[in-house]
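The values are calculated or read from the model by the stated rules, or taken from the named source; none is laboratory data. None of these values were measured; they are calculated from a predicted model. Note that we place each Cβ from the backbone using ideal geometry, even for glycine, and neighbour counts take in every protein chain shown.
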Amino acid sequence: MPETFEVVVNGDVVRVEPGTSAAAAILMAGHGACRKSVGGEPRAPLCGMGVCFECRAEVDGVRHVRTCQALCRAGMRIITDGI
């Protein structure tokens, strides 16, 4: 079994395996949405391949990261409610 490591999603610590996307970590942390639309509706990953931009969140201080394309690394900090 691969070694796991910790990432932080909205202050919640989640253990993930290497190769886990940030979008998957968000879901593993129990957060169903990555961001809110202009109208305030929750938005979640849709295409899973970086085309739709619905999975954007703040990752390590960088806003609007497509989380379906960002692989987790130890200590990564993901914020979904800041966008």
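What the table shows:
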| item | result |
| --- | --- |
| Leading residue by the ranking (modelled with the lowest pLDDT) among those in segment 26-83 that are under 24 Å from F5 (Cα atoms) and of a type in the set (S, T, Y) | T80 |
| Options E17, E3, E41; residue that is more than 19 Å from H64 (Cβ to Cβ) and exposed (fewer than 12 other Cβ atoms within 10 Å of the Cβ) | E3 |
| Looking only at segment 44-82, and only at residues there that are surrounded by 12 or more Cβ atoms within 10 Å (Cβ to Cβ) and in contact (Cβ under 8 Å) with a residue 60 or more places away in the chain, the one that is farthest from R15 (Cα to Cα) | D81 |
| Residue satisfying all of: in segment 20-38; crowded, with 22+ Cβ neighbours inside 10 Å and out of contact with any helix residue (DSSP H, G or I) (no Cβ under 8 Å at 6 or more places or on another chain); farthest from R63 (Cα to Cα) among these | A25 |
